[in-house]
Every structure is written in C-alpha cells, then in structure tokens.
Amino acid sequence: MHPDLRSLPKAELHLHIEGTLEPELAFALAERGGIRLPFADIADLRRHYDFTDLQSFLDLYYSCMAVLRTEQDFTDLALAYFERADADGIRHVEMFCDPQVHESNGVTLDTVLDGLLAAFRIASERWGITGGLIVCIVRDEPVASAAALIEELAPRAGEVLGIGLDSAEVGYPPSLFTEVFARARELGLHRVAHAGEEAPPAYIWEALRLLDVERVDHGIRAVDEPELVRHLAERRVPLTVCPLSNVRLRAVADLSSHPIRALVDAGVVVTVNSDDPAYFGGYIADNYAALAAAGFTLDELADLAANSIDASFADEARKTELRALVAEWRGPRRTAGDPPIGGRPGA
C-alpha cells in the first residue's frame with residue numbers, strides 16, 4: 001500500500017459497526033457474556049467467510065451479532081473500529097447500526113445507542129474524530145417493526161444523524177418504507193438507503209423519489225441506466241461505494257469490472273467506504289489501495305476523499321476544516337490542470 005493513502009484525510013459514510021466485529025473480539029465478548037458461538041474457534045469462524053452473495057454474508061453476520069449484549073460491548077466494538085479508523089486517516093465517521101436485530105436478541109435500543117454514543121465521545125477526545133450514528137431499518141423485517149423502531153427512536157432523534165435502510169435487498173424495495181421515512185423526515189433526521197447493490201436501478205429511483213434520500217448507499221447498479229446516472233450527476237446525489245465489499249459478495253467479478261470508474265467519469269459524486277470490513281478483508285485504506293492498484297491516481301483518490309467530506313452530514317465549519325486537510329495533503333501531488341473526479345466543484 002502506498003504510505004500516503006493512510007495519511008489521506010477522509011470520511012467514512014458507509015460503515016456497519018457490527019461489521020467491524022473481528023473474530024478475536026467476537027470470542028472475547030462471547031466469553032465475557034457467557035454466550036456460546038456456533039463455531040469451534042477463531043479459525044473455524046474465519047473458514048465461514050467464503051461468501052457467495054449478500055444473503056450468505058448476512059447469515060453469518062447476524063449470528064455473530066449475538067455476542068453484543070451490553071453498553072460496554074458496543075463501546076468496545078466501536079472503539080476497536082475507531083482505533084483502526086484513526087490509523088487509516090479517517091477524521092469523520094457516519095456509522096450504521098441495526099437495533100432491530102439487537103432487540104430480537106433482547107438488547108434495548110437505549111443500550112445500543114448509549115454504548116455507541118459513549119464510543120463517539122471517547123473517539124472525539126482521543127483521536128479528534130467527529131461523526132454520528134445512522135439507525136438502519138432492516139428491510140427484510142416487517143414494516144410494522146420499522147415503524148415501531150422510528151417511534152421508539154423519536155425521543156432521542158436529536159442524538160443521532162439519521163436513518164438508513166439495509167440488509168437483504170432483492171424483494172424488499174424502498175417503496176415498502178415510504179411512510180417510515182416520511183416520519184423520519186418529520187423528526188428532522190437525515191435519510192439514506194441501500195439501493196442498487198444487487199437490485200436493479202428501479203430500487204435507486206424509489207429511494208430517491210419515495211424515500212427522499214440524501215445519499216444512496218452502494219448504488220452501483222445505476223450504471224445500468226444512463227438516465228439515472230445523469231440524474232445522480234446533475235443533482236449531485238452521492239453514492240457511498242464499497243469496492244472490496246462488492247467483490248467479496250460477488251456483486252462484481254473483480255475491481256477491473258467495477259462500475260466505479262464509469263460512475264466517476266460520468267460526473268457522479270462517488271465516495272469510498274469499507275461496509276463490513278471485518279468480514280470483507282479490507283478497512284477503508286485497503287479500499288483506497290485497491291483502487292490505486294486498479295488505476296486510480298493519488299490525485300483522483302484525493303478527490304474521492306474530498307467527495308466523502310462534501311457528502312457527509314458534518315456542519316459546514318467541520319467540512320471546511322477537513323477540506324483544508326485534504327488540500328494540504330494534496331499539495332505537490334496534484335498535477336496542474338487535472339480535472340476533478342466526480343465533478344466536485346472547487347477541486
């Protein structure tokens with residue numbers, strides 16, 4: 001990996017905190033909580049990481065989430081991620097969590113929020129990392145469960161950034177959650193949704209038109225419909241793309257066939273993220289390094305990092321501060337006259 005890629009200041013906007021649960025920590029938390037995992041040992045757990053699609057990953061993902069029971073469990077999980085994030089140059093994080101899954105394990109929403117928010121406070125003091133939580137709707141759970149979660153979240157809406165939509169995509173279109181997202185907007189929450197990872201462009205259109213999302217998570221299948229690509233570029237709707245995740249879950253065959261280059265060249269605001277890095281073998285700097293190996297220049301990668309800051313929900317003062325850090329990093333690396341990636345103004 002080029003050493004500069006870790007020092008490149010960046011934001012991570014597509015990160016499932018439960019997807020950062022490394023096998024060693026999973027077994028440590030299981031032992032602390034008196035929970036028996038359905039794996040003989042760490043090596044046995046790692047052998048299950050050969051995924052064939054999104055659902056094969058989710059089956060393992062939800063199984064491991066059973067070790068997260070207490071506020072301290074969630075704090076320890078997030079702090080392990082934040083330590084890696086700091087080493088990878090991440091200065092701002094907008095983190096997903098899945099309370100519906102935890103509630104099915106007997107863990108309350110307050111436990112999840114309190115544990116993760118405590119980690120954010122520590123990360124701010126220890127590493128200067130800013131950000132917040134995005135509470136995700138698990139789309140293959142009943143819509144009534146999603147509606148109940150939003151009402152449960154309502155008294156604490158001011159403590160989180162927004163809501164998202166994740167889990168098994170095909171067969172669970174965004175249109176199912178129109179009323180839930182309308183309620184989230186009433187509560188002043190930002191809105192994002194996974195769409196177009198495995199499902200067709202129609203899911204992305206629904207997320208935009210019916211859920212009124214401000215960012216699309218993944219969104220790579222937009223490349224299949226030129227009109228949608230033009231819409232995303234003209235409206236400057238960011239995509240939170242996760243290259244190594246897409247390869248591991250076989251949404252694409254390899255990085256050489258990944259749509260990210262086509263989307264970037266079409267002027268779409270693309271950001272780079274790690275998704276569920278403990279399972280996909282790549283934290284954010286690994287994703288940047290993979291793109292460098294696939295032909296992206298350091299200057300182009302700096303533009304992607306700047307996109308991540310522009311696309312974040314940070315306040316303008318923080319964005320200005322982070323943009324300055326990217327400009328400082330870029331310094332002599334930028335070739336005069338190079339066009340900005342993703343049509344980002346002011347690059």
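Structural remarks
- With viscosity 1.002 mPa s and temperature 20 °C, the Kirkwood radius over alpha carbon pairs of the chain converts through Stokes-Einstein to a diffusion coefficient of 106 µm²/s.
- Between the residues HIS14, PRO174, ILE137, the greatest Cα displacement towards the positive end of the dipole of the chain, with unit charges on the Cβ of Lys, Arg, Asp and Glu, is found for HIS14.
- Taking Cα centre as origin and charging only the Cβ of basic (Lys, Arg, +1) and acidic (Asp, Glu, -1) residues, the dipole magnitude of the chain rounds to 800 debye.
- The share of C-alpha pairs in the stretch 136-203 whose separation exceeds 20 Å stands at 24 percent.
- Contact order relative to length of the stretch 127-200, as percent, for alpha carbon pairs under 8 angstrom and 6 or more apart: 36
- Compactness of the stretch 56-188 as Cα Rg over 2.2 N^0.38 Å, two decimals: 1.06
- Across the chain, the mean sequence separation of Cα contacts (distance under 8 Å, 6 or more residues apart), normalised by length, yields a relative contact order of 19 percent.
- Across the stretch 46-126, counting alpha-carbon atoms alone, Rg and Dmax equal 14.0, 40 Å.
Rule-based calculations on the coordinates, nothing more; no lab input. The model shown is predicted, which means the values in this text are computed figures rather than measured ones. Quick reminder, even Gly has a Cβ in these numbers, built from the backbone with ideal geometry, and neighbours come from all protein chains shown.
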